[in-house]
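One structure is given here, and the rest of the page talks about it.
The values are calculated or read from the model by the stated rules, or taken from the named source; none is laboratory data. For clarity, every value in this text was computed on a predicted model and none was experimentally measured. So basically every Cβ, Gly included, is an ideal-geometry build from the backbone, and we count neighbours across all protein chains shown. Please note that ligands, DNA and RNA were not included when accessible areas were found on the heavy atoms of the full protein model with its side chains. Shrake-Rupley method; radii C 1.70, N 1.55, O 1.52, S 1.80 Å.
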Amino acid sequence: MSTQEITEASGYWFPDDDATQRGVAVLNALRRYRSAETAMRRRTRDSMGMGETDLLAVRFLLQAQRSGKQVSPKDLAAYLKISSASTTILIDRLVKSNHVRREPHPTDRRALVIVPTTETDEEVRATLGVMHRRMMAIAEGLSAEDARVVGTFLEGMRSAVDHVDATPTH
């Protein structure tokens, strides 16, 4: 038996009852999904020649563009939680690689907006489109009740990992 099989078969330090074993199986499936998603993001960054922050910025800009929203460098910095100097370097890099353009703000002559290029939108769709369609097909295959259960579970998990205890456990 491999180390992974031993770790996954055992509940680590959890009791060996049916409910706990079901929970362990679900958490192990979630860990495997997160690992696969992390690997997919790495492959995507590598194929597009981008770093993690670059890809996050492009995704944010594409979503904003689809929503009809303008994004300033300040908006991008706030979203990415990086300094204005880091944002300038990031934008310079994305302009140089033809992933974004700086354009004048439509109503404020002193301001700029950052816009993803058509080529970037096409590249992201080509790189991620098939995978997103596969994922959507799986999600659409859920019954209404199963979709509710999965959504509730994932929101609960998000809440559990977002929570920070005020006192350390050791």
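Any chance segment 100-115 includes a residue that's at pLDDT 95 or above, among the basic types (Lys, Arg) and in a loop (DSSP other than H, G, I, E, B)? Scanning segment 100-115, I find no residue that is at pLDDT 95 or above, among the basic types (Lys, Arg) and in a loop (DSSP other than H, G, I, E, B), so the answer is no.
Could you tell me whether ALA85 is exposed (fewer than 10 other Cβ atoms within 10 Å of the Cβ), in a helix (DSSP H, G or I) and at pLDDT 95 or above? Answer is yes for this residue. Step by step: first the residues of segment 33-53, then only those that are aliphatic (A, V, I, L, M) and either in contact with a His (Cβ under 7 Å, 6 or more places away or on another chain) or closer than 27 Å to LYS96 by Cβ (or both), then the one that is modelled with the lowest pLDDT. Which residue is that? The selected residue is MET48. Filtering segment 89-107 to residues that are open to solvent by 50 Å² or more (accessible area, probe 1.4 Å) and either over 11 Å from PRO73 (Cβ atoms) or under 24 Å from the mean Cα position of the chain (by Cα) (or both) leaves ILE89, ASP92, ARG93, VAL95, LYS96, SER97, ASN98, ARG101, GLU103, PRO104, PRO106, THR107. Scan segment 59-77 and tell me whether some residue there is among the acidic types (Asp, Glu), part of a helix (DSSP H, G or I) and either open to solvent by less than 50 Å² (accessible area, probe 1.4 Å) or more than 18 Å from ILE114 (Cβ to Cβ) (or both). Checked against the condition, which is being among the acidic types (Asp, Glu), part of a helix (DSSP H, G or I) and either open to solvent by less than 50 Å² (accessible area, probe 1.4 Å) or more than 18 Å from ILE114 (Cβ to Cβ) (or both), segment 59-77 yields no hits at all. Looking at this structure, is LEU80 of a type in the set (A, V, I, L, M), modelled with pLDDT of 95 or more and under 20 Å from ARG42 (Cβ atoms)? Considered against the rule, which asks whether it is of a type in the set (A, V, I, L, M), modelled with pLDDT of 95 or more and under 20 Å from ARG42 (Cβ atoms), LEU80 comes out as yes.
Return the total of residues in segment 31-58 being open to solvent by 40 Å² or more (accessible area, probe 1.4 Å) and either aromatic (Phe, Trp, Tyr) or part of a helix (DSSP H, G or I) (or both).
17
If you check MET135, MET157 for being of a type outside the set (Ser, Thr, Tyr), touching a residue at least 12 places away in the same chain (Cβ under 8 Å), open to solvent by less than 100 Å² (accessible area, probe 1.4 Å) and farther than 28 Å from LYS74 by Cα, only one passes: MET157.
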